[in-house]
Amino acid sequence: MKLSRGLTLIGFWLCCNLVCNASLNEKPNHKPNTYLSTNAQSKPGFNGDTISYIFQVKNISDKTQTIHLNIRKPRELACETILSEEKFILKPGTEQTAGISVIMNDLIPVGGYENAMLIAKNEKGEELACLKFSTTHAKAHPFLLTTNQLFKEVANKVEKCDWAKDNFNNMLKELDSFEFPEQKVITKPRPTKVWSSLNYVASDGEKAFKLAIAYRLTGEKRYYNKLIAFIQELTDPKNGYLSVGAATTNRI
């Protein structure tokens, strides 16, 4: 799921708190017989915190399986990553729950993240499924791109500096004539496979960001209404980007 900076900040910051309910399993070449799932693949933590994840391992075959779990290339990770269980013997159709603990440290810059890949293998060492966990080094609140003081400085420049006033008026003229595209699903070949996304592009996120700035500096409801309508459409539980898996195409 690739969103532009503006789309991420505006969409998530203003109106949604995304909790990822996902089961991402890379499909092996043979028929899948093991399923990894979790309710949270990403969490934040400060330096020294232990971040805990819970996941499920399910045998979806018709035979009893011995499943081995490990973290891919753990010595290459900056954060210590610990599995609560490394082996399960599962009867057909049964599942077990286990956990991963990640200890955050200052090798990960504040605001940065590290991915740990959980791997399930059979007795022959063949990879059956994998699940990625992304742990972010948390930044203390308030973690805001803009502040009231910054808006005061911008408004002062717009009032007193011709170049700032010209840029601001050009932005408003651009936003007055801009309309977000009518939402639809696009399915097309990508570099590695065919997948679907909504028809938004990265520049739509930048426009959303500008609309928020325009409303904050002018108080004009037309900018607010256009932005909120876009956010609500984008994040709609039934028809928004979560229903497809991606918000933007590869176009700019």
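Here, each number is a calculation from the coordinates, and none is a lab measurement. Treat the numbers as computed from the prediction; the structure is a model and nothing was measured. Cβ placement follows ideal geometry from the backbone for every residue including glycine, while neighbour counts extend to all protein chains displayed.
Output wanted: per-residue J couplings in Hz (rounded whole) for segment 75-80, from phi through Karplus 6.51 cos²θ - 1.76 cosθ + 1.60, θ = phi - 60°, x for Gly and Pro.
In residue order, the calculated couplings are 6, 8, 8, 6, 9, 5 Hz.
What are the extents of the Cα atoms of segment 148-244 along their three principal axes, in Å, largest first?
Projected onto its principal axes, the Cα set of segment 148-244 covers 52, 27, 26 Å.
Given R₀ = 22 Å, what would the calculated FRET efficiency be for Ile82 paired with Cys130, taking r from the Cβ atoms and rounding to 0.05? Present the calculation step by step, with values, prior to reporting the outcome.
Values: r = 18 Å, r/R0 = 0.81.
Using R0 = 22 Å, I get an efficiency of 0.80.
Subtracting the Cα-Cα distance from 0.36 nm times the residue separation, let me have the gained length for Thr97 to Asn39 in nm, one decimal. Spell out each step's value before the answer.
On the way: separation 58, 0.36 × 58 = 20.88 nm, distance 1.20 nm.
Full extension from Thr97 to Asn39 adds 19.7 nm.
So what is log10(I(q)/I(0)) for segment 75-127 at q = 0.14, 0.29 1/Å, when the Debye sum runs over its Cα atoms only?
-0.52, -1.28
With r as the distance between the Cβ atoms of Ser203 and Asp162 and R0 = 25 Å, compute the FRET efficiency 1/(1 + (r/R0)^6) and round to 0.05.
Numbers: r = 27 Å, r/R0 = 1.08.
Given R0 = 25 Å and the Cβ-Cβ separation, E is 0.40.
Taking 0.36 nm per intervening residue step and subtracting the Cα-Cα distance, what contour gain separates Asn105 from Phe178 on full extension?
On the way: separation 73, 0.36 × 73 = 26.28 nm, distance 4.44 nm.
Working it through step by step, the gained length comes to 21.8 nm.
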